[in-house]
Amino acid sequence: MPSRESYEVHKEEKSLVQKAKREANQEDILAAALGMRMGPQKPPATFWQPLKLFAYSQLTSLVRRATLKENERTPKSEKVHNFKVHTFRGPHWCEHCASFMWGLIAQGVKCADCGLNVHKQCSPLVPNDCKPDLRHIRKVYSCDLTTLVQAHNTARPMVVDMCIREIESRGLKSEGLYRISGFSDSLEEVKMAFDKDGEKTDISVNAYEDINIITGALKLYLRDLPDPIISYDAYPRFIEAAKLTDPEKKLEAFREAIALLPPSHSDTLKYLMAHLKRVAQNEQFNLMNAENLAIIFGPTLMRVPNLDAMTALNDIRYQRQVVELLIKKEDVLF
């Protein structure tokens, strides 16, 4: 009769054998799904293709979620996904609910900024955790500001930084700076260059001797933003702050309005106002004081959220007052 010890050893060996078989079966299934060859016969590609696509989709989703968790360690501003109806080729699975996307056309939606694929009905449930990818960003001008800076991992759009550096290096004393426009053909050329080459764009004096082309390119970029530097959400608070008469209350109201801006908008506004203050400090040469600059940049940095023409007309003077105060009080507001 076998002893109890030999019985336990036999039981443990049997358990290990069963575990090894299960692991081997799991490896075979995964290998087959990924199209790997584990045995003497190779399964037909047409039979395993759906499984291969499914495994790839699931692995992509897992990697994306792991990346998002990693990014959560460093707090960043929230960004909503830019979903567009999309027709997918071949089998696709929703990266939110992991269910199959049925249909031949328009099976779901795809984020134009990060490439996330989900059902249309799942899109409202997706968190505002869009991480823009340069592979999906095809232009610089007319691109959402937050999308652009997150895709390039910068504090501000490279257009703003590059143009301001060039202007300050050779144009602060140019008469009529920002008031005089450059040739429209040259402005379009600079715009196309930024869209194509990004930070490699040459805007040096060798490429564009007229500094007004560079100032025009900067103003055009700011005008083309889908959501202005002073965002639509914060716009009413800035207008209300401009209407206050008490100096201390006005400054406090401006600080509260600035706090409503997305971080990328706030950083860009601060950098731009510091630059315009340096322009105004050279008024004896360029004839551009804070009031003149505010007249130019008011409608550029601020746009009425609705299309009410009367409201837009009435707000013009307050837009000017907002920008003028931001320039003059840049050192205490930011």
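The values are calculated or read from the model by the stated rules, or taken from the named source; none is laboratory data. Keep in mind that what you see is a predicted model, and the values were worked out from it rather than measured. Just so you know, the surface numbers come from the protein's heavy atoms only, side chains and all, with ligands and any DNA or RNA stripped out. Shrake-Rupley method; radii C 1.70, N 1.55, O 1.52, S 1.80 Å.
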> Of the accessible area of the range 76-136, with the probe set at 1.4 angstrom, what percent is carbon plus sulfur?
Replying inline: 56
> Cα centroid distance between the range 96-116 and the range 212-267, in Å?
Replying inline: 36
> What's the Cα-based Rg to Rh of the range 212-256, Rh via Kirkwood?
Replying inline: 1.16
>> Kirkwood Rh over alpha-carbon pairs of the range 140-277, then Stokes-Einstein at 37 °C and 0.692 mPa s: what D in µm² s⁻¹, rounded to an integer?
In response: 204
> What is the ratio of the Cα radius of gyration of the range 238-334 to 2.2 N^0.38 Å, where N is its residue count, to two decimals?
Replying inline: 1.06
>> Through the Karplus equation 6.51 cos²θ - 1.76 cosθ + 1.60, θ set to phi - 60°, convert the phi angles of the range 323-334 into ³J(HN,Hα) values in whole Hz; use x for Gly and Pro.
In response: 5, 4, 5, 4, 6, 5, 9, 3, 6, 10, 8, 10
> Given just the C-alpha atoms of the range 76-136, how large is their convex hull per residue in cubic angstrom?
Replying inline: 77
> In Å², what does the accessible area per residue of the range 76-136 work out to with a 1.4 Å probe?
Replying inline: 59
